[in-house]
Ligand SMILES: Cc1ncc(C[n+]2csc(CCOP(=O)(O)OP(=O)(O)O)c2C)c(N)n1
Ligand code: SF4
Ligand code: SF4
Ligand code: SF4
């Protein structure tokens, strides 16, 4: 597939499943668009990509893309993807995840995939809530937010996906938002080409639950919020408002050994019969 | 948009869910929702095309795409 060929979404999706299931204005569709465009611009062959997802509104992405795909178990997508990647290391492994999927039930898989530095791209589509099951709070909601399970607001602190991924050993870590769709696409391109575990957190609105519960307005208004409340890494605006969320590439480390390659070396040693 | 080019808005009204994101962010006020709540390019001549692309980039439903035509291409 070459970029000389004009980009058309319809060459990259399973059109028979459209219109898709997401609510009007759901940010997850913008992530899908950015991802398809990234794949097109990288001139990747659709047959060399395997997308593995768990369960959640976000995880539905794997059903819509015209790549190899597995729609697996809530929170366990990285475990399945690890198996796929070890058996077929030449495939590009992409794992779209919700914030609950990635960091509540799937938190353990997340930190261990990062620790191993296995060559998988995890996209955390962070809408700060459980969309699919009706708006329960997640480990990314943060304090003082409303959810169906927190009618008087949440008291739980949230994880910072970037800090967590960094600490656990991910060798590529970036953050953007669906307002910054073009920037998201650029980070996805880098993450997909990076050899090692890469995490791209993309803030994505859930107007239906998070938006309504927290009176954040319609989808476009929520996206305006991503414009107002985020800045590029190290922006001067942080001096006066340290609460602004930083966007950019936080880690890009190409020196650390990648897991499948390290495993191949072990196989080679074992074949020589010297323990 | 370069000289001698016109823009076609390829819209799939079956896929559009009328969320209004494209209408809200269009810098040239090219887009509106029709009576069924589906997007429509009402002022296509004002569109700045590939310099912008915001509607296409931010549509969650992959329902709108921008195509630039060379002059004469669509005659
Ligand atoms: C083992 C298991 N536990 C719980 C569920 C119910 N469940 C389905 S999706 C989901 C959370 C969805 O939230 P998130 O992962 O943040 O994705 P979103 O829908 O917001 O995109 C839960 C708890 C399940 N399907 N399987
Ligand atoms: S419930 Fe929220 S996350 Fe799920 S499709 Fe609707 S808007 Fe998107
Ligand atoms: S952004 Fe897409 S789905 Fe929303 S109104 Fe525009 S074309 Fe329709
Ligand atoms: S490309 Fe830009 S100017 Fe043209 S319709 Fe889309 S948002 Fe408006």
Notebook entry, point to check: Of all residues in the range A:107-133, which are surrounded by 24 or more Cβ atoms within 10 Å (Cβ to Cβ) and over 25 Å from residue A:48 (Cβ atoms)?
Noted result: A:126, A:127, A:128, A:129, A:130, A:131
Next item on the list: Considering only the range B:1-47, state which residues are within 14 Å of another protein chain (Cβ to nearest Cβ), free of Cβ contacts under 8 Å to residues at least 24 places away in the same chain and farther than 23 Å from residue A:178 by Cβ.
Entry: B:36
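Can you say whether residue A:21 is within 23 Å of residue A:203 (Cα to Cα), more than 14 Å from chain B (Cβ to nearest Cβ) and surrounded by fewer than 17 Cβ atoms within 10 Å (Cβ to Cβ), as far as the supplied structure shows?
Numbers: within 23 Å of residue A:203 (Cα to Cα): yes; more than 14 Å from chain B (Cβ to nearest Cβ): no; surrounded by fewer than 17 Cβ atoms within 10 Å (Cβ to Cβ): yes.
Spelling it out, it is not the case that residue A:21 is within 23 Å of residue A:203 (Cα to Cα), more than 14 Å from chain B (Cβ to nearest Cβ) and surrounded by fewer than 17 Cβ atoms within 10 Å (Cβ to Cβ).
The rows are residues; the columns are (1) part of a loop (DSSP other than H, G, I, E, B); (2) in contact with a strand residue (DSSP E or B) (Cβ under 7 Å, 6 or more places away or on another chain); (3) within 14 Å of chain B (Cβ to nearest Cβ); (4) modelled with pLDDT under 95.
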position	(1), (2), (3), (4)
A:43	yes, no, no, no
A:52	no, yes, no, no
A:60	no, no, yes, no
A:74	yes, no, no, no
A:89	yes, no, no, no
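Restricting attention to strands (runs of 3 or more DSSP E) lying wholly within the range A:192-275, give those where 1 or more residues are within 20 Å of residue A:110 (Cβ to Cβ) and touching a strand residue (DSSP E or B) at 6+ places or on another chain (Cβ under 6 Å).
Details: elements: A:198-203, A:230-232, A:245-252.
Correct list: A:198-203, A:245-252.
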Note to self: I'm trying to understand the selection: among the residues of the range A:134-167, which are without any contact (Cβ under 8 Å) to a residue 12 or more places away in the chain and either within 12 Å of residue A:97 (Cα to Cα) or surrounded by 15 or more Cβ atoms within 10 Å (Cβ to Cβ) (or both)?
What the structure shows: A:160
Next item on the list: Would you be able to say whether some residue in the range A:20-28 is modelled with pLDDT of 95 or more, in a helix (DSSP H, G or I), within 16 Å of ligand 3 (Cβ to nearest atom) and over 15 Å from the mean Cα position of the chain (by Cα)?
Entry: no
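Would you confirm whether or not the range A:144-166 contains a residue that is within 16 Å of ligand 3 (Cβ to nearest atom), closer than 22 Å to residue A:226 by Cα and in a loop (DSSP other than H, G, I, E, B)? Let's see the steps before the verdict.
So in the range A:144-166, the residues within 16 Å of ligand 3 (Cβ to nearest atom) come out as none.
Within the range A:144-166 (the criterion being within 16 Å of ligand 3 (Cβ to nearest atom), closer than 22 Å to residue A:226 by Cα and in a loop (DSSP other than H, G, I, E, B)), the answer is no, since none of the residues qualifies.
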Check: If you go through the range A:168-199, how many residues are farther than 26 Å from residue A:7 by Cα and buried (at least 20 other Cβ atoms within 10 Å of the Cβ)?
Finding: 6
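The values are calculated or read from the model by the stated rules, or taken from the named source; none is laboratory data. Being a predicted model, the structure only gives us computed values, none of them experimental. For neighbour counting, all protein chains shown are included, and Cβ atoms are generated from backbone atoms with ideal geometry for every residue, glycine included.
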